[in-house]
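The values are calculated or read from the model by the stated rules, or taken from the named source; none is laboratory data. Nothing here was measured: the structure is a model prediction, and the numbers come from that model. Here the Cβ positions follow ideal geometry from the backbone for every residue, glycine too, while neighbour counts run over all protein chains shown.
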Amino acid sequence: MFTFLRVFCSEECFYRRNHMRRRIILNRILISLGTVFMIITISFFTVNAMPGEPLMNIMGEDEYLKVKRDDPELLDRIAAQYGLDASLPVRYVRYLKSIVTLNFGYSYTKGKPVISVIWYRLKWTLVLAIPATILSALIGGWLGIMAGWNKGGVLDRILTPLTLLINTVPSNCIALIFLAVFCFKLKLFPISGMSAGGLTGMARIRDIGYHMIMPLSVMVLTRSCGNFINMKSYVTHVKSEEYILTAVSKGVPRRRILRNHVLKNSLLPYVTILCMQFGHIVSGAIMVEVVFTWIGMGNLMNTAINSFDFPMMQMCFLISAVCMVVSSVLSDVLYVALDPRIKEF
């Protein structure tokens, strides 16, 4: 009888806990959808409040001024063609409809559908950003664990001031240093671009990998420094907890304490950092892509902003916002899955 009650109560607690976790995750997803809607609204009105005449960017300044003087009706027809003739509220409703139907119109500067340009550029950003995120997570995390576990050791004394120094320098400055030293001075790597052109098959893949070395190295270096600082802080904090001191006093092997207690509890906040890096996967490499002329989303966003390409800017901001919200939801879901103590946000 007691065995039955014990089993029943344990199963009841299990189902109740799983129901609570599902409710927490569902609530977080609903909040995130509302956040995405707010970001869409704010980005639309922010982009349309920017100074500059879109038709001038579409036609060129000289042609725009000439047509405006000689044939103003032509300007009205071009504005209608690009949907610029309607009022701001009407354009906002059209923009919401375009998001639902995935029809974002045509780029002012490239004359192509925005969605086709985005997918092409996003592919090359992911080729660069995904390896950088994975490598920096592994390198920075492992070095941070070693430095935090052996606080005051040789590794800690060398890497801590060095990573703090690198972490304060903007990534575009580091990219320019790498470009000047390794590309201009030593001539070890290409100065710009993604490929030499005219290559196919494995030769093209190897050439793209060769062009990736410099921007990838800059991204791995800068992100690894941040990951190192965070992981070292987490490990140092967990190491000073009372249950760790108790385990040490009982004679538990240090490797076992590190593996079963310190590492397990340090990974929870580290997961959040990695998820936020995933959120910046689209916009986090803007300056690196610009310096090395890597034809990705960062370069595209920079070009769209400089040329007042409103449809392209809106789509880029939307993708960046969605990535940030998805990464936030992912970190919350992982927290709920990894830490049974979490009951609510």
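Considering every residue within the range 248-263, establish whether at least one is in contact (Cβ under 8 Å) with a residue 24 or more places away in the chain, under 26 Å from the mean Cα position of the chain (by Cα) and over 25 Å from H280 (Cα atoms).
Yes, some residue in the range 248-263 is in contact (Cβ under 8 Å) with a residue 24 or more places away in the chain, under 26 Å from the mean Cα position of the chain (by Cα) and over 25 Å from H280 (Cα atoms).
Quick one: A203 ticks every box in (1) more than 22 Å from R121 (Cα to Cα); (2) free of Cβ contacts under 8 Å to residues at least 40 places away in the same chain; (3) part of a helix (DSSP H, G or I) except a single one, so which number is it?
For A203, the failing item is (1).
Hey, does the range 40-49 have a residue that's modelled with pLDDT of 70 or more, closer than 26 Å to I319 by Cβ and part of a loop (DSSP other than H, G, I, E, B)?
Yes, the range 40-49 has at least one match.
Determine, yes or no, whether I286 is over 20 Å from G140 (Cβ atoms), surrounded by 15 or more Cβ atoms within 10 Å (Cβ to Cβ) and more than 19 Å from the chain's Cα centre (by Cα).
Considered against the rule, which asks whether it is over 20 Å from G140 (Cβ atoms), surrounded by 15 or more Cβ atoms within 10 Å (Cβ to Cβ) and more than 19 Å from the chain's Cα centre (by Cα), I286 comes out as no.
Could you tell me whether the range 218-229 includes any residue that is touching a residue at least 60 places away in the same chain (Cβ under 8 Å) and closer than 30 Å to F310 by Cβ?
yes
Scan the range 186-234 for residues that are of a type in the set (S, T, N, Q), at pLDDT 85 or above and more than 19 Å from the chain's Cα centre (by Cα) and jot them down.
S233
Can you tell me which of (1) farther than 30 Å from A180 by Cβ; (2) surrounded by 19 or more Cβ atoms within 10 Å (Cβ to Cβ) is the one R255 doesn't meet?
With (1) farther than 30 Å from A180 by Cβ; (2) surrounded by 19 or more Cβ atoms within 10 Å (Cβ to Cβ) applied to R255, the lone miss is (2).
Out of L159, L135, which single residue is in contact (Cβ under 8 Å) with a residue 12 or more places away in the chain and within 16 Å of the chain's Cα centre (by Cα)?
L135
Could you list, in sequence order, all residues of the range 230-242 that are hydroxyl-bearing (S, T, Y) and touching a residue at least 24 places away in the same chain (Cβ under 8 Å)?
S233, Y234, T236
Looking at (1) hydroxyl-bearing (S, T, Y); (2) over 22 Å from F292 (Cβ atoms); (3) in contact with a Cys (Cβ under 9 Å, 6 or more places away or on another chain), which is the one condition that is false for T200?
All conditions are met except number (3).
Check every one of the helices (runs of 4 or more DSSP H) wholly within the range 86-193 and list those with 1 or more residues that are crowded, with 16+ Cβ neighbours inside 10 Å and of a type in the set (F, W, Y).
Because the criterion is at least 1 residues that are crowded, with 16+ Cβ neighbours inside 10 Å and of a type in the set (F, W, Y), the helices (runs of 4 or more DSSP H) in the range 86-193 that meet it are 88-101, 114-149, 171-178.
What are the pairs with Cβ atoms under 7 angstrom where one residue, in the range 296-318, is surrounded by fewer than 23 Cβ atoms within 10 Å (Cβ to Cβ) and the other, located anywhere, is charged (D, E, K, R)? Sequence gap at least six, or different chains.
So the pair list comes out as N299/E289.
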